[in-house]
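Q: Below you'll find the structure I mean.
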Number of protein chains: 4
Amino acid sequence: MAKEIIYPVSVEFGDCDPARIVWFPNFFRWIDHASRHFFVGCGVPPWHETEKTMGVIGTPVVDTKARFFKTATYGDALQFHVSIPEWRGKSFVMRYRVMRGTDQIMECDEVRLFVGRHPTEPNGIKALDIPQEIRTLCE
Amino acid sequence: MAKEIIYPVSVEFGDCDPARIVWFPNFFRWIDHASRHFFVGCGVPPWHETEKTMGVIGTPVVDTKARFFKTATYGDALQFHVSIPEWRGKSFVMRYRVMRGTDQIMECDEVRLFVGRHPTEPNGIKALDIPQEIRTLCE
Amino acid sequence: MAKEIIYPVSVEFGDCDPARIVWFPNFFRWIDHASRHFFVGCGVPPWHETEKTMGVIGTPVVDTKARFFKTATYGDALQFHVSIPEWRGKSFVMRYRVMRGTDQIMECDEVRLFVGRHPTEPNGIKALDIPQEIRTLCE
Amino acid sequence: MAKEIIYPVSVEFGDCDPARIVWFPNFFRWIDHASRHFFVGCGVPPWHETEKTMGVIGTPVVDTKARFFKTATYGDALQFHVSIPEWRGKSFVMRYRVMRGTDQIMECDEVRLFVGRHPTEPNGIKALDIPQEIRTLCE
């Protein structure tokens, strides 16, 4: 079984739109926070440290699929259940199941890469092999 | 051919993260803006007016798939090409191709619904049949 | 002494800009969350309930002053100390001291109003007298 | 007379909260965009270039005062009038008047600094003297 770490979110007034439900881009903000929270919870150092030690500056998303089952509104307490169910050659799948207690609100599967700065293009990034020490911490 | 409307975005400093690239949840903010911009460009009134005339309070996303091809950074001018390639019974597909000139940055296909307030649950929403007058404006 | 309630914030990667420090508009997001959190902590119901019972739909800001003393970055744990040091006729002062342990990061004083829907202008709002039951809960 | 540059903003659905007005932290997002837009309009290069040429990585805010006069909602077109009315030794005042046609929505005065990376503290920043070439471009 893949390790699972829960990221709690309290939905706030300003997270909701005039229809009084969470404005959906906010779910992707929380998903990215939950992704970082997962790595931190597994013992992976912050990216500005891994940049120095292994050249990793982050884990950008290359592909994302999400389904929304129920709406959420302010005052709701949500739990983002995060895991990495699949490791591939240069990419990995990060999975989020978002619950409000026993109600499932949404789910999302992402493909992410470990990247470093591009050797020649300023502002460019390039994919790295998955660092074995990070994978070991997260499995 | 489905109608296509372009939503321009200028990427700003604060849209980028410490890796100096657009923090990806911002793409979903722009996508939702681009969706509204499409309806406005087609002549659909704002949701607080359609709420009175046809009960529509918005078009929440139930399903979204996105792929990211290239990174973008501040100073970039992006063009979100928006169209509705498919109308189903109670849902429709909204498509976004995000370009920086001739470079494709990302693409996204969403399934959205037209919804109104739920007749009995406070804060609840319910799916509506697709209003024919809106469909006619957008095709 | 005015009641004080602490709102904790964990600074995330996506809250930071390419200079690797918190992009300052995010402080105002957290401040508004901390404001709601204060009212909830004092026992004030959500605005969609107060709308029905006393006509209050929110507490918009009319005036804000903030000073920034130190920068914060991702991985930091911040504490927003919130209080209402002053009640005026139709407005009140909401104060935020933002700490990272013993380091003060910023401070902010806002003037806010209790508002309801405008009786005649659609989308308009109007200031209300401060509801005594809310004031009693928050002092 | 100080140079003035106008930054246009189209208020979107997702910028508004359940009270159907702009959620105020969004004004600070736009203000920061308007600040960058001012420098770009004056001919100042992006910060990742000035970092190399003069060590400037950005202009963080140390002090901000804002007053809100009228609310705005989605569909509104706003104009942010930006200028630098005052240059001090190591800081400068950036002013924003936010109009919707002839209606003033808000105003904001900020004190900002030019900063570079701290010579010894990782992630630290330090104030720089105001670069004369930037000041000349912006006056």
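The values are calculated or read from the model by the stated rules, or taken from the named source; none is laboratory data. In this text the structure is predicted, and so the values were computed from the model without any measurement. Cβ coordinates were reconstructed from backbone atoms using ideal geometry, including for glycine residues, and neighbour counts include every protein chain displayed. To get the accessible areas, we keep the full protein, side chains included, count just its heavy atoms, and leave off ligands, DNA and RNA. Shrake-Rupley method; radii C 1.70, N 1.55, O 1.52, S 1.80 Å.
Q: Output the residues belonging to the stretch C:2-48 that are closer than 16 Å to C:Phe92 by Cβ, of a type in the set (Asp, Glu) and within 14 Å of chain D (Cβ to nearest Cβ).
A: Selection gives C:Asp32 alone.
Q: Looking only at the stretch B:85-104, which residues are closer than 24 Å to B:Gln132 by Cβ and hydrophobic (A, V, I, L, M, F, W, C)?
A: Residues of the stretch B:85-104 that are closer than 24 Å to B:Gln132 by Cβ, as a first pass: B:85-95.
The answer is B:Trp87, B:Phe92, B:Val93, B:Met94.
Q: Okay, moving on. May I ask you to list the residues in the stretch D:80-110 that are among the charged types (D, E, K, R), within 14 Å of chain C (Cβ to nearest Cβ) and surrounded by fewer than 20 Cβ atoms within 10 Å (Cβ to Cβ)?
A: Step one: filter the stretch D:80-110 for residues among the charged types (D, E, K, R), giving D:86, D:88, D:90, D:95, D:97, D:100, D:103, D:107, D:109-110.
Next cut, within 14 Å of chain C (Cβ to nearest Cβ) only: D:100, D:103, D:107, D:109-110.
Once the filter is applied, which keeps residues that are among the charged types (D, E, K, R), within 14 Å of chain C (Cβ to nearest Cβ) and surrounded by fewer than 20 Cβ atoms within 10 Å (Cβ to Cβ), the stretch D:80-110 yields D:Arg100, D:Asp103, D:Glu107, D:Asp109.
Q: Take C:Lys52 and decide whether it is within 12 Å of chain D (Cβ to nearest Cβ) and charged (D, E, K, R). Explain how you work it out, then say what you get.
A: Numbers: within 12 Å of chain D (Cβ to nearest Cβ): no; charged (D, E, K, R): yes.
Answer is no for this residue.
Q: Pairs, please: C-beta under 7 Å, at least 6 apart or cross-chain, first residue farther than 18 Å from C:Arg100 by Cβ and in the stretch C:27-51, second of a type outside the set (Ser, Thr, Tyr) and open to solvent by 50 Å² or more (accessible area, probe 1.4 Å)?
A: Final answer for the pair search is C:Cys42/C:Lys3; C:Cys42/C:Leu137; C:Gly43/C:Leu137; C:Val44/C:Leu137; C:Pro46/A:Gly75; C:His48/A:Arg20.
Q: Counting just the residues of the stretch A:1-45 that are open to solvent by 10 Å² or more (accessible area, probe 1.4 Å) and of a type in the set (Ser, Thr, Tyr), which one comes out nearest to the chain's Cα centre (by Cα)?
A: The extreme case among them is A:Tyr7.
Q: Right, next: Find the residue count for the stretch D:59-79, including only residues that are surrounded by fewer than 17 Cβ atoms within 10 Å (Cβ to Cβ) and of a type in the set (Asp, Glu).
A: Number satisfying all stated conditions: 1.
Q: Just checking, which of A:Thr64, A:Thr59, A:Thr71 is closer than 26 Å to B:His118 by Cβ and hydroxyl-bearing (Ser, Thr, Tyr)?
A: Working: A:Thr64 fails: closer than 26 Å to B:His118 by Cβ; A:Thr59 fails: closer than 26 Å to B:His118 by Cβ.
Answer to the check: A:Thr71.
Q: Let me ask something else about it. Output the residues belonging to the stretch B:115-139 that are touching a strand residue (DSSP E or B) at 6+ places or on another chain (Cβ under 7 Å) and either under 22 Å from A:Lys65 (Cβ atoms) or open to solvent by less than 20 Å² (accessible area, probe 1.4 Å) (or both).
A: Let us first name the residues in the stretch B:115-139 that are touching a strand residue (DSSP E or B) at 6+ places or on another chain (Cβ under 7 Å), namely B:115-118, B:125-128, B:130, B:135, B:138.
Passing the criteria: B:Val115, B:Gly116, B:Ala127, B:Cys138.
Q: So which residues in the stretch D:61-79 are more than 7 Å from chain C (Cβ to nearest Cβ) and part of a loop (DSSP other than H, G, I, E, B)? Break it down stepwise before answering.
A: First, pick out the residues of the stretch D:61-79 that are more than 7 Å from chain C (Cβ to nearest Cβ): D:69-70, D:72, D:74-79.
Within the stretch D:61-79, D:Phe69, D:Lys70, D:Ala72, D:Tyr74, D:Gly75, D:Asp76 meet the criteria.
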